[in-house]
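The values are calculated or read from the model by the stated rules, or taken from the named source; none is laboratory data. Note that the structure is predicted; figures quoted are calculated from it, not measured. Here the Cβ is made from the backbone with ideal geometry for all residues, glycine too, and neighbour counts use every protein chain on show.
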Amino acid sequence: MYKEIIICSIVIIIVVGLNILTENYTKESVALMTGNLEDLKKNMISEEQNEEDLNNQIEDIVNNWNERHKKLAYYIEHDELEKVETELVSLKGNIEVKEYEQGIPNLNNCIFILEHIKEKTALQIKNIF
């Protein structure tokens, strides 16, 4: 009887511990990506748009996302991650052809999806039931 209680306790501790780790990594990733996207948005809206800076910024954002995507893919639905990647590719394309006004909705959608991922993976009562 005591073995079963100990084993169940260990399993619960491991599950809760891993959930805390993954939730913290998700929050960190979303905060970093959202901050970078907000900076890009400010540069896209500003009247003094530097094409080279915007291209460098979007490249950094895409590279950062690709690194984080590898770890996030272990525990987040791939459909959610693909939505972010699709919006980033569309945004990158709009920046490359200098269609900054058309890229803003893609940027906003990307931020929305990232925030949705963060809320969806949080350990909350509404997400459990």
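For (1) of a type in the set (S, T, Y); (2) under 30 Å from L18 (Cα atoms); (3) outside any helix (DSSP H, G or I); (4) in contact with a Ser or Thr (Cβ under 6 Å, 6 or more places away or on another chain), each residue gets a yes or a no:
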| residue | (1), (2), (3), (4) |
| --- | --- |
| I61 | no, yes, no, no |
| D79 | no, yes, no, no |
| E85 | no, yes, no, no |
| S90 | yes, no, no, no |
| N94 | no, no, no, no |
| K120 | no, yes, no, no |
Members of region 48-72 found to be farther than 17 Å from N94 by Cα and more than 16 Å from the chain's Cα centre (by Cα), listed by number
E48
List, please: which pairs have Cβ atoms under 8 Å, are six or more places apart or on different chains, and start with a residue in region 1-22 that is of a type in the set (S, T, N, Q) and end with one that is surrounded by 10 or more Cβ atoms within 10 Å (Cβ to Cβ)?
N19/L123; T22/Y75; T22/T121
Please verify whether M33 is at pLDDT below 90 and assigned to a helix (DSSP H, G or I), treating the condition exactly as stated.
no
